[in-house]
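The values are calculated or read from the model by the stated rules, or taken from the named source; none is laboratory data. Every value quoted in this text rests on a predicted model; they were computed, and no experiment measured them. All Cβ positions, glycine included, derive from the backbone under ideal geometry; neighbour counts span all protein chains shown. Quick note on the areas: whole protein, heavy atoms, side chains included, nothing else; ligands and nucleic acids left out. Shrake-Rupley method; radii C 1.70, N 1.55, O 1.52, S 1.80 Å.
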Amino acid sequence: VFFKSFLVQAARNDERMQNVGFVYALRRSLQSVWQDEPAQFEEACARASSFFNTHPYFAPAMMGVALHIEEKIAAGLALPEHLEAAKSRIAPPLNALGSLWFWEHLKMLAFLLSLPFLVLLHSPLAVATGVALYFVFFNYFHLRTRWAGLNLGLLYGEDMVSDLLKLFPSRLLQSLRR
């Protein structure tokens with residue numbers, strides 16, 4: 001699921017947004033959940049293919065939540081409608097947080113960190129170092145969020161949000177509350 005989650009936007013569409021990538025990433029795991037019940041597997045794929053849109057770096061967290069809920073549905077502990085309710089309740093705030101943190105703050109921080117290498121030092125090695133520093137710094141947080149989100153979603157389902165928010169600076173979260 002983790003590696004396939006990078007393709008969540010590959011077939012983005014206007015009607016259901018990222019649903020094709022969401023189903024693609026979950027399909028094999030859904031097969032293992034519903035391995036003895038092909039009709040239930042098709043219904044699970046249909047549930048997963050409903051509208052889905054969140055920040056792409058948080059998509060693995062939502063995939064973990066979806067698999068957690070599907071396992072509960074398979075065990076008879078949740079109703080199928082529970083998945084759609086969870087997707088519509090959790091994904092939009094994660095989309096807003098992802099846009100604020102990754103696009104508005106983290107990209108700027110990574111740029112400022114690499115700026116001295118890009119501007120002040122004029123050697124090709126310094127420029128290469130600055131570019132590498134930018135990508136390493138940005139992708140550390142990006143990949144950590146994807147990996148932790150998937151694992152927290154799988155472990156805790158919808159209750160993963162509070163643990164996921166611990167990955168972010170508290171000042172950023174406070175600015176969202178204003």
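Each residue, residue 11 and residue 46, gets one label point 7 Å from its Cα in the Cβ direction; the gap between the two is 1.8 nm. Straight-line cross-link partners of residue 166 among the aspartates and glutamates, defined as a Cα under 18 Å from its Cα and at least 8 positions apart when in the same chain: 158. Ligands, DNA and RNA excluded, the heavy atoms of residue 88 present near 70 Å² of accessible surface to a 1.4 Å solvent probe. Straight-distance candidates among the lysines for linking to residue 72, with alpha-carbon spacing under 21 Å and chain neighbours fewer than 8 residues away dropped: 87. Solvent exposure of the chain amounts to 55 Å² per residue of accessible area, where only protein heavy atoms count and the probe is 1.4 Å. Hull volume per residue, based on the alpha-carbon atoms of the chain and their convex hull, is 129 Å³. Cα centroids of the stretch 71-118 and the stretch 32-66: 16 Å apart.
Against the empirical 2.2 N^0.38 Å (N residues), the stretch 75-122 has a Cα radius of gyration ratio of 2.08. Express the carbon and sulfur contribution to the solvent-accessible surface of the chain as a percent, rounded to the nearest whole number, probe 1.4 angstrom. Heavy-atom surface of the chain belonging to carbon and sulfur, 1.4 Å probe: 62 percent.
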